[in-house]
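Comments concern the structure below.
Nothing in this text is a laboratory measurement; each read-out follows from the coordinates by a stated rule. All figures in this text were calculated on a predicted structure; none of them were measured in a lab.
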Amino acid sequence: MHDVTPPKKSMADRLGMFPEAWQPKPEDKLIGTVTDTDDRDGEYGLYPIVCVLTDDGDEFAVHAFHAVLKTEFAKQQPEVGDRIGIAYHGKVKGKNSEYESNRVIIEKPNKATNTGPDWDRHGKEAKAELSGEELPPLRSDDEGPW
């Protein structure tokens, strides 16, 4: 019997690449290790990005601009080195509107610090988005060094 597992990409190979945006279809799953977390402030407002390296060596950037995925990330607070599984279940009809349905499972190694995005803020923004509330603007000390 031959091993048909594709070779994993080396760190040198990965340095020449940028993670592709994960654009799932309903029932797609992404499983791997968190390699990076960041915030993006773009046309969808401020939202988190979690980069995931699959066991096959492919790396994807998961842009959490939809409220359910943002809420899941805020609740579970992924960090670099965590094992993560994300399932996309497509658009689901809710009471008042349709939403993008996701499930996230994270296995965390023992970690003492969290230096990733402000997950509490993302959680509050997602809840406000779902309820139609407005959040107060950022305080000057929340804006960061940029």
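Tell me, what is the percent relative contact order of the stretch 22-132, built from C-alpha pairs under 8 Å that lie six or more residues apart? Mind dumping the intermediate values first?
On the way: 222 pairs, mean separation 31.7, N = 111.
Averaging sequence separation for qualifying contacts and normalising by length gives 29 percent for the stretch 22-132.
Please state, rounded to one decimal and in Å, the Kirkwood hydrodynamic radius that the stretch 18-111 gives when every pair of distinct Cα atoms enters the mean of 1/r. Write out the running numbers ahead of the final one.
Working: mean 1/r = 0.0737 Å⁻¹.
Kirkwood radius, the stretch 18-111: 13.6 Å.
List the lysines whose Cα sits under 21 Å from the Cα of K9, skipping any in the same chain fewer than 8 residues away.
Within reach: K29.
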